[in-house]
1. Working carefully through the options Leu25, Leu48, Leu40, Leu18, find the one that is surrounded by fewer than 10 Cβ atoms within 10 Å (Cβ to Cβ) and of a type in the set (A, V, I, L, M).
2. Can we say Leu13 is outside any helix (DSSP H, G or I), at pLDDT 95 or above and surrounded by 13 or more Cβ atoms within 10 Å (Cβ to Cβ)?
3. Is the range 43-52 home to any residue that is of a type outside the set (Asp, Glu) and in contact with a Gly (Cβ under 6 Å, 6 or more places away or on another chain)?
4. Would you say Lys33 is in contact with an Asp or Glu (Cβ under 8 Å, 6 or more places away or on another chain), part of a helix (DSSP H, G or I) and without any contact (Cβ under 8 Å) to a residue 24 or more places away in the chain?
5. Residue under question is Glu19, and the condition is that it be at pLDDT below 95, at negative phi, out of contact with any strand residue (DSSP E or B) (no Cβ under 8 Å at 6 or more places or on another chain) and part of a helix (DSSP H, G or I); does it hold?
Amino acid sequence: MKIESFEKNLQELEQIVLELEKGDLNLDNGLKKFEHGVKLYKQCKNYLAQAEKKIGILRENLKIEDVL
């Protein structure tokens, strides 16, 4: 996932949370929004996990280079 996609998904997720908190949706629409929100949450979480892993690898590479 590209950073633009991450930010877009995060923004959409925030909008869904606001809509759900408002309480104006009927049950069917609320459930659909919630399901979509869960999907977006998982995508964002996976992106962050990959970024964290990449940062860890880069930090390890820096440590190795410092030793050399």
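1. Details: Leu25 fails: surrounded by fewer than 10 Cβ atoms within 10 Å (Cβ to Cβ); Leu48 fails: surrounded by fewer than 10 Cβ atoms within 10 Å (Cβ to Cβ); Leu40 fails: surrounded by fewer than 10 Cβ atoms within 10 Å (Cβ to Cβ).
None of the others qualify; the one that does is Leu18.
2. Numbers: outside any helix (DSSP H, G or I): no; at pLDDT 95 or above: yes; surrounded by 13 or more Cβ atoms within 10 Å (Cβ to Cβ): yes.
It is false that Leu13 is outside any helix (DSSP H, G or I), at pLDDT 95 or above and surrounded by 13 or more Cβ atoms within 10 Å (Cβ to Cβ).
3. So the first thing to find is which residues in the range 43-52 are of a type outside the set (Asp, Glu), and the list is 43-51.
Remaining after also requiring in contact with a Gly (Cβ under 6 Å, 6 or more places away or on another chain): none.
Within the range 43-52 (the criterion being of a type outside the set (Asp, Glu) and in contact with a Gly (Cβ under 6 Å, 6 or more places away or on another chain)), the answer is no, since none of the residues qualifies.
4. Numbers: in contact with an Asp or Glu (Cβ under 8 Å, 6 or more places away or on another chain): yes; part of a helix (DSSP H, G or I): yes; without any contact (Cβ under 8 Å) to a residue 24 or more places away in the chain: yes.
It is true that Lys33 is in contact with an Asp or Glu (Cβ under 8 Å, 6 or more places away or on another chain), part of a helix (DSSP H, G or I) and without any contact (Cβ under 8 Å) to a residue 24 or more places away in the chain.
5. On the way: at pLDDT below 95: no; at negative phi: yes; out of contact with any strand residue (DSSP E or B) (no Cβ under 8 Å at 6 or more places or on another chain): yes; part of a helix (DSSP H, G or I): yes.
No; evaluated as a whole, the condition is false for this residue.
The values are calculated or read from the model by the stated rules, or taken from the named source; none is laboratory data. As the structure is a prediction and not an experimental result, all values here were calculated from the model. As a convention, Cβ positions derive from the backbone with ideal geometry for all residues, glycine included, and neighbour counts pool all protein chains shown.
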